[in-house]
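I have placed the structure first, in the form of structure tokens, so that the comments after it can refer back to it.
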Amino acid sequence: MAGIALLELMLLLLAVGLLVWVFGASRNLPPAQEEQAHRLEAALAEIGRLGGRLPHLHDALKPAQQYGRDLRKLLPQLAELERFLAKPSTEGPTRDRLLVRHHELMRGFERGVEYLERLGAELLLVSGSEEPPALAELPQLLIELREVLHPPHPTRG
């Protein structure tokens, strides 16, 4: 029993540490990205807190937590795209390509945060040795995030 309490305490400290780190790192982000970063961190903290009471899911939740950390990488990219889109000199095909990329990143980020929020809610409902249904979707989301983070380079011919 003491081991479980210690594990829960360590997970809580990890979540608090992550929140402090993100809040410190998000100071360089525009307000829209700061709000998104807070939403992501809240979802990750919830997964850490609820997952701490389910030791049988400890290993299964690690990839979901890493997925959330990887989602953070989209925020600076979104901020950079928005900075270029705000410049009046950015127009024509370049602006169109920037808008497409911004939409891809934003869609991937929002989908990922919604998934993590749903996973947190499902963890609340887990009892016994069952797994939350959302965990079955994680492999596909990992593939999609990898594609968004590392898009294929256009071929030149």
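The values are calculated or read from the model by the stated rules, or taken from the named source; none is laboratory data. Being a predicted model, the structure only gives us computed values, none of them experimental. Reconstructed Cβ throughout: ideal geometry from the backbone, glycine too, with neighbour counts over all protein chains shown. Accessible surface areas use protein heavy atoms only, side chains included; no ligands, DNA or RNA. Shrake-Rupley method; radii C 1.70, N 1.55, O 1.52, S 1.80 Å.
What the Cβ-Cβ distance of LEU149 and GLU82 gives, at R0 = 22 Å and to the nearest 0.05, is a FRET efficiency of 0.80. Phi-derived couplings, Karplus 6.51 cos²θ - 1.76 cosθ + 1.60 at θ = phi - 60°, listed residue by residue for the stretch 96-112: 4, 5, 4, 5, 4, 5, 4, 5, 4, 5, 5, 4, x, 5, 4, 4, x Hz, with x used for Gly and Pro. The solvent-accessible area of ASP70, taken with every protein chain present and a 1.4 Å probe, is close to 30 Å².
Using a Förster radius of 30 Å, what is the FRET efficiency between ARG53 and GLU114 based on their Cβ-Cβ separation? Nearest 0.05, please. In this case the efficiency is close to 0.85.
Calculated over the stretch 112-157, the projected area of the Cα convex hull averaged across directions stands at 3.9 nm².
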